Structures are given as C-alpha cells and as structure tokens.
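Participant: This structure is in structure tokens; I'll ask about it shortly.
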Amino acid sequence: MNKFLFLLSEGLKNLWRHKLTVFTAVFSVFLSLSTIGVLFIAEQNTHKLIEYMRSKYKIEVFFKDTVTNEQAGQAVEKIKMIQGVYTTTLIPKEEALKVYKSQFGDDITEFLDYNPLPASCVVNIKRKYDGYLQITPIIEQIRKIDGVDTVNHQGRLISRIEKFYEQGLLGLSGVAFAIILVTVMIISNTIKLTIYANKDLIKALRIIGATNTFIRMPFILEGVFQGIIGTILASGLLYGAVYGANEVLRQLTAFTINVQWLFLSWLFLIAMVISLFGSSRAISKFLK
C-alpha cells in the first residue's frame, strides 16, 4: 500500500513539476478526444437524417394524358410486381384535380372544359433498394411500362448527400487520426522530459535495487493522469456544446441532436490507450 501511494504521489508531483509541457499534452488529448467526439456525434445524427430521408423517399409516376384510370390501374399492378417495390398508391385523374384545387384554389376544368391532369402513382421502395445505384433499375423498368409518361425521383439528391457524408466522415477520420499521432508524440516527449529531469533519482533507485516496474510506474501514471484530465475536459465540452445547441434548436426547429452518452466511456478508453502508448514509448527508450 505504501509503495502504491508513493508511486501515485510521484505521478501527481510530475504533473506539477512540468506544468507547461503537461498542459501541452493535456490540451492535445483534449483536442483529439473532442475531434473524435464531434466525429461520432456528427456520424450518428447525419446517419439518422439520411435514414429519415430514405424513409420519405418515393417515386412519382405520371401516366400519359390518353391513359384512362382503368389503364393506369393495370399499369400500377405491373409496377407492384417489380422487385424492390414496397407499396403503390394510384392517384386517379379526379383525385389529381382535387389536389390541384386544394393547392391552387382554381378549377381548371372551367377554362378547358375537360380535366388535363394525368393519372399518377406514388411508389415506395423497400429499404434495401433505396440507394441510387439500386433504384436505377427499378426506375428503368417503370419507364418501360405502357402508358408511363414521366418518372420523378430524388435518387440523385440522396446520392449526393450520402457522398458528401462519406467524404466528410473520411476527412474527419483522417484529421482525428493525425491528431492522435501528434498527441502520442507530445505525451511521449513530456514523459521523456520528466525522465531526463529525474535521471539522478532513477540511477539512485537502480543502485538500491528498485525494479524496472517500480521505476516506470510514476511515469506511466503521469501519462494516465494526463489522459484522464483531457477526457474530463473533452467530455465537458461535448456535453455543454450539445446541450447549448439543443436549447437553440428547440426554439427554431423540431430537430435536436441525439447522443448516446455511453460513447464517453469509449473516449476514456481511447485516452488511456493514447496515454499508455505514449508513456511506454518514452520509457522503453530511456529505461532499457
């Protein structure tokens, strides 16, 4: 117990003795974990937004003016048989006229003496087929059906959003990885400075027969403490930023940022890996 308390106190003293270098290391841990946290939150919420857009995804099929409601119904039955189609909703010419009246307030039949609006159909796609690359064959099959005039869809929009999302995720991952490498280097250099400053003490401990584990432990604990402090600061920043952003979003929109705060335990684990790796890297070089 006394040995443990001694090692613990030495680790804490090392933090105080080298405040400037320790501050740099802690700030690096804080920056890397904050970046990883932002990456996780962005990935989680952007993925949720894309899933929402996918759930609202639909294909609008407009039939030719000469197609009757009965013929449109027969075409819809053919559309239902296409692999990947989930549901279909037929909008007859009369229903299209009602929708037009409700939206624009005019009855165009008073001017034209006939209903020029075509029958149409709304097609919902099964989830595994709602990517742009998968939906293209479905659209091509619909276009080949007799009586179909035009097919409108938002596949390109969703595809572009997903592309930007993947590129942004890749870019942030690269930045986070680079920051982690820099953090490991900074922690390693901080521990090296501490070891160099205590080289006389290390020699004395070796003379009296102290084990390498006993000598290493204060420096390892110093790195661990740096990781813990950086984790606490990063967690506080992320929590405060999400809380503040949600307060603003609630006043402006119905959308809020959802976070599974269990991921903070992963941040802590990452911090420990970074700190232990950085500390071990420095110690293995000086205490062979």
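Throughout, read-outs are computed from the coordinates displayed, never taken from laboratory work. In this text, all values refer to a predicted model and were calculated from it rather than measured experimentally. Please note: Cβ atoms are built from the backbone with ideal geometry, for glycine as well, and neighbour counts cover all protein chains shown.
Participant: For the pairs LYS58/LYS98; LYS64/LYS163; LYS93/LYS163; LYS98/LYS144; LYS64/LYS126, note any where the Cα-Cα span goes beyond 30 Å.
Facilitator: LYS64/LYS163; LYS93/LYS163
Participant: So for TRP266, TRP261, fewest C-beta neighbours within 10 Å to most, what's the order?
Facilitator: Working: TRP266 13, TRP261 10.
In order of increasing Cβ crowding within 10 Å: TRP261, TRP266.
Participant: LEU276 versus LEU181, label points 7 Å from Cα toward the beta carbon: distance in nm?
Facilitator: About 2.3 nm separates the two model spin labels.
Participant: Based only on other Cβ atoms within 10 Å, what is the fewest-to-most ordering of ILE191, ILE220, ILE138?
Facilitator: The order, fewest Cβ neighbours first, is ILE220, ILE138, ILE191.
Participant: Provide the gained length on full extension for the span VAL224 to MET53, in nm with one decimal, where the gain is 0.36 nm per separating residue minus the Cα-Cα distance.
Facilitator: 57.2 nm
Participant: Taking the Cα-to-Cβ direction at TYR239 and at SER265 and moving 7 Å from each Cα, how far apart do the two end points lie in nm?
Facilitator: Taking the two extended label points, one gets 1.6 nm.
Participant: Another question, if that's okay. Can you work out D for the range 217-276 in µm² s⁻¹ from Stokes-Einstein, where Rh is the Kirkwood radius over C-alpha pairs, the temperature is 20 °C and the viscosity is 1.002 mPa s?
Facilitator: Reported coefficient: 164 µm²/s.
Participant: Sort VAL122, VAL76 so the one with the fewest other Cβ atoms within 10 Å of its own Cβ comes first.
Facilitator: Ranked by crowding around the Cβ, least crowded first: VAL122, VAL76.
Participant: Another question about this same structure. In vacuo Debye scattering of the range 58-153, one point per C-alpha: log10 I(q)/I(0) at q = 0.19, 0.25 Å⁻¹?
Facilitator: -0.86, -1.25
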